[in-house]
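Notes for the one structure printed next.
The values are calculated or read from the model by the stated rules, or taken from the named source; none is laboratory data. The model shown is predicted, which means the values in this text are computed figures rather than measured ones. All Cβ positions, even for glycine, are placed from backbone atoms using ideal geometry, and neighbour counts span all protein chains on display. Surface accessibility is based on the protein's heavy atoms, side chains included, excluding ligands, DNA and RNA. Shrake-Rupley method; radii C 1.70, N 1.55, O 1.52, S 1.80 Å.
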Amino acid sequence: MSHPWFADRIAVLATMHRKEQVIGPILETALGLTLEVPGGLDTDQFGTFTRDRHRPNNQKITARLKAERALELTGGDLAIASEGSFGPHPSLPFLACNLELVVLIDRANNLEIYGQELSTETNYSQASISSLAEALAFAQKVGFPEHGLVVMPTASTSAAAEIVKGIVSEAELVKVVNAGLERSQRPQTSPSLHLETDMRALCNPTRMKVIAQAAANLVAAIQKPCPSCGAPGFEPTERQPGLPCALCRAPTLLTRALWSQCQRCGFRQEMLFPDGRETADPAQCPYCNP
Ligand SMILES: [Zn+2]
Ligand SMILES: [Zn+2]
């Protein structure tokens with residue numbers, strides 16, 4: 001398969017964590033483009049999960065900045081970048097989740113199209129440990145050694161030299177943990193170290209799968225043409241609340257409609273009742289259930 005707007009074009013992918021392994025086949029097969037990874041791009045400048053480099057902006061803007069940097073570096077007109085985040089699930093706060101964004105920026109046609117995936121499939125986890133046995137128990141719980149680990153003195157360590165990332169063998173974990181525990185030993189206090197899962201894509205196959213799904217969702221978004229001019233990426237970008245209460249018809253905060261707008265011709269279209277229901281439960285109504 002290919003796509004008339006992208007076939008036979010070269011897209012640069014801003015990554016140094018092997019994301020091309022999952023994003024490449026999906027985009028190349030569906031769109032007919034060729035994906036290239038430019039050398040000399042330091043994506044860590046846009047923030048690291050280990051917090052030694054802070055993310056300059058929110059997730060969406062950071063994804064865009066990475067893609068723009070790849071375009072600058074290569075002089076190309078088509079770029080892909082991805083950015084992930086981890087934290088409590090927005091509606092189930094006791095569950096950890098992973099939100100992945102993949103963006104396509106097409107300078108030749110002035111398009112910026114996003115695919116995203118929110119998943120509770122993640123090993124995102126941290127622990128403070130005071131013995132090698134505790135470290136090994138944590139490692140087993142989070143899918144080590146297929147998934148990498150990070151060892152650092154404390155959760156707030158920011159000195160890059162003190163953060164050991166990408167630990168993927170038990171021999172190395174034992175060595176790093178033993179040395180770290182010894183260094184942390186002070187009179188009157190017990191030794192301790194901070195361990196966390198390495199969330200970089202190359203060390204985390206579970207995250208790679210979520211990135212693959214976000215890339216597939218990007219393809220789905222690209223394959224939706226504007227009904228007026230045919231430009232790709234005709235996706236809802238605006239949510240309109242106001243779903244009427246089933247009892248009193250008053251508008252509630254629930255979604256009444258989604259609006260899509262074409263980035264090229266500005267054509268707008270409303271999709272009514274995207275959640276498949278035309279009224280809200282009175283329990284959600286500010287009048288019936290104040
Ligand atoms: Zn259009
Ligand atoms: Zn009501």
- Message: Could you tell me which residue out of Ala161, Gly266, Ala220 lies farthest along the dipole of the chain toward its positive end? Charges go on the beta carbon: Lys and Arg +1, Asp and Glu -1, centred on the Cα centre.
- Response: Gly266
- Task: Would you grab the residues whose amide H sits under 5 Å from the one on Leu111? Only those 5+ places off in sequence or on another chain, please, with H modelled 1.01 Å from N.
- Result: Asp106
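Translational D (Stokes-Einstein, µm²/s) of segment 43-116 at 37 °C and 0.692 mPa s when Rh comes from the Kirkwood sum over C-alpha pairs?
Details: Rh = 13.3 Å.
So the translational diffusion coefficient is about 247 µm²/s.
Mind ranking Asp44, Asp281, Asp198 by accessible surface for me, highest first, 1.4 Å probe?
Values: Asp44 35, Asp281 85, Asp198 5 Å².
So the residues, ranked largest to smallest area, are Asp281, Asp44, Asp198.
Would you mind getting the accessible area per residue of the chain, heavy atoms of the protein chains only, 1.4 Å probe, in Å²?
Values: 14620 Å² over 290 residues.
Roughly 50 Å² per residue, with all protein chains present.
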- For the chain, modelled as a Gaussian network with Cα springs under 10 Å, which listed residue fluctuates most, Leu27, Leu65, Leu92? Leu92
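What number comes out for the charge environment of Arg239, summing +1 per Lys or Arg and -1 per Asp or Glu over other residues with Cβ under 11 Å away?
Around Arg239, the surrounding residues sum to -1.
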- Note on the structure: Dipole check, segment 126-198, charges on Cβ (K,R +1; D,E -1), about Cα centroid: among Phe138, Asn178, Gln188 the Cα furthest to the positive pole belongs to Gln188
- Which distance in nm do the two modelled labels at Arg9 and Ala161 give, with both placed 7 Å along the Cα-to-Cβ direction? 4.6
- Extending each Cα 7 Å along its Cβ direction at Thr237 and Glu28, get the distance between those two points in nm, one decimal. 3.1
- Task: Report the charge-dipole magnitude of the chain in Debye, nearest 20, computed about the Cα centre from +1 at each Lys and Arg Cβ and -1 at each Asp and Glu Cβ.
- Result: 460
- Message: In whole Å, what are the extents of segment 126-198 along the principal axes defined by its C-alpha atoms, from largest to smallest?
- Response: 37, 25, 19
- Query: What number, in percent, do you get for the relative contact order of the chain if the mean sequence gap of Cα pairs under 8 Å and at least 6 apart is divided by its residue count?
  - Reply: 14
- At a Cα cut-off below 19 Å, give the lysines reachable from Lys60, other chains included and same-chain residues fewer than 8 away excluded. Lys19
- Query: How much accessible surface area, in Å² rounded to 10, belongs to the heavy atoms of Tyr114 with a 1.4 Å probe?
  - Reply: 50
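So what is the calculated 222 nm ellipticity per residue for the chain, using -39500 (n - 2.57) for each DSSP H run with n of 4 or more, over all residues, to the nearest 500 deg cm²/dmol? It would help to have the intermediate numbers written out before the result.
Numbers: 5 runs with 71 residues, N = 290.
Per the formula, -8000 deg cm²/dmol.
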- Note on the structure: Inter-part gap, Cα centre of segment 180-194 to Cα centre of segment 89-112, in whole angstrom, is 40
- Task: Output the relative contact order of segment 3-115, whole-number percent, from Cα pairs under 8 angstrom with separation of 6+ residues.
- Result: 23
- Message: Principal axis extents for the chain, Cα atoms only, whole Å, descending order, please.
- Response: 70, 56, 29
- Task: Report, ordered by chain and residue number, the aspartates and glutamates lying within cross-link reach of Lys175, taken as a straight Cα distance under 20 Å and ignoring same-chain residues fewer than 8 apart.
- Result: Glu134, Glu146, Glu162, Glu196, Asp198
- Query: Once the other residues with Cβ under 11 Å from the Cβ of Asn110 are scored (Lys, Arg +1; Asp, Glu -1), what is the net sum?
  - Reply: -1
- Message: Can you give me the angle between helix 20-31 and the longest principal axis of the chain, using Cα atoms only, in degrees from 0 to 90, rounded to the nearest 10?
- Response: 20
- Task: Rank Pro25, Pro236, Pro244 by mean-square fluctuation in a GNM of the chain with C-alpha springs under 10 angstrom and give only the top-ranked residue.
- Result: Pro244
- Item | Residue among Pro93, Gly75, Ala108 farthest towards the positive dipole end of segment 19-115, charges placed on Cβ | Pro93
